[in-house]
Amino acid sequence: MSPPVDWPAVPPATPVERDAMAWPPAAWEVSPSAWRPEAAFDPSLFQPYGSAVALPADLPVPSAGAGRAVGTVVRELVETVFLALLIFVGIRLVVQNFKIEGSSMEPTLHSGEYLLVNKLAYRGSGEPQRGDIVVFESWTPGKDFIKRVIGVPGDTVEIRDNAVWINGERLEEGYLDQVTSGNTPALALGDDEYFVMGDNRGNSSDSRNHGSLQGDHIIGKAWLTYWPPDQIGTIPDSRASFAAVR
């Protein structure tokens, strides 16, 4: 067995105190001319709330008068639009435009003509009169017709001998360019009932086919044509043709 080895003693560890972590020196600590952090903050640029701030001299400052001018323009624009809307609604309550499609009112009115209808003509105490040309909600839902009033409440209308008879009186219809052919049995009109016909008697669907028209279906009285230009004018008054009717 080998004799024990006498190892030299290990010297005791020397206690050390560890320095705190240190960052390398900043640039301004090395060179006085280097950028310094306080140069990035200029207290003069920040003002307390409510304090005045001077604007650069070359920046225009809006005046109070300019602000008032803009407000005036906006207000006038709103008033103009509102007034135009009122006028439009008001006009629509009084008159309405229609385009004639078809030849049932020839020779008085022609297809393609535009006309204005007086919607107040029969409001209040006004009532359709014999000879008036009226626009009304037709017997076919969703369509408007234009015809001439031939008979009014209380009348008895009959078609015979190529003529229209009202209360036993034969009409002399000078606004027609053809006779009224066919025969229609006498029809007595009740309250708020009207007998209407187209002036183109050979090509018109009217009271001869559908019977009397209720007064509450009448939209208004045809007033004037405004297109095409060569047809501008008021609708001729044909009541004289019915003067003999009692």
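The values are calculated or read from the model by the stated rules, or taken from the named source; none is laboratory data. Values in this document were obtained by computation on a predicted structure and should not be read as measured data. Note: ideal-geometry Cβ built from the backbone for every residue, glycine included; neighbour counts use all protein chains shown.
What the table shows:
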| quantity | calculated |
| --- | --- |
| Some residue of the range 208-217 being closer than 21 Å to K143 by Cβ and hydrophobic (A, V, I, L, M, F, W, C) | yes |
| Scope the range 95-110; condition small (G, A, S) and surrounded by fewer than 18 Cβ atoms within 10 Å (Cβ to Cβ); matching residues | G102, S103 |
| Out of E158, E137, E113, sole residue that is buried (at least 16 other Cβ atoms within 10 Å of the Cβ), under 13 Å from M197 (Cβ atoms) and acidic (D, E) | E158 |
| Any hit, the range 158-180, residues being among the β-branched types (V, I, T), more than 22 Å from F98 (Cβ to Cβ) and modelled with pLDDT under 95 | yes |
| Tally, over the range 177-190, of residues that are under 21 Å from G215 (Cα atoms) and not in a strand (DSSP E or B) | 2 |
| Output for the range 71-116, where each listed residue is among the hydroxyl-bearing types (S, T, Y) and farther than 28 Å from I232 by Cβ | T72, T80 |
| Hey, P37 of a type outside the set (F, W, Y) and at pLDDT 85 or above or not | no |
| Residue in the range 160-176 that is within 35 Å of the chain's Cα centre (by Cα), assigned to a strand (DSSP E or B), touching a residue at least 24 places away in the same chain (Cβ under 8 Å) and under 24 Å from A121 (Cβ atoms) present | no |
| Meets criteria (at pLDDT below 95, small (G, A, S) and not in a loop (DSSP other than H, G, I, E, B)) for G142 | no |
| All positions within the range 181-203 that are at pLDDT 95 or above, small (G, A, S) and in contact with a strand residue (DSSP E or B) (Cβ under 9 Å, 6 or more places away or on another chain) | A186, A188, G198 |
| Failed criterion for L189 (all others in (1) surrounded by 15 or more Cβ atoms within 10 Å (Cβ to Cβ); (2) touching a residue at least 40 places away in the same chain (Cβ under 8 Å); (3) hydrophobic (A, V, I, L, M, F, W, C) hold) | (2) |
| Matching residues in the range 177-226 - criterion: being within 34 Å of the chain's Cα centre (by Cα) and over 23 Å from R123 (Cα atoms) | G198, S204, S205, D206, Y226 |
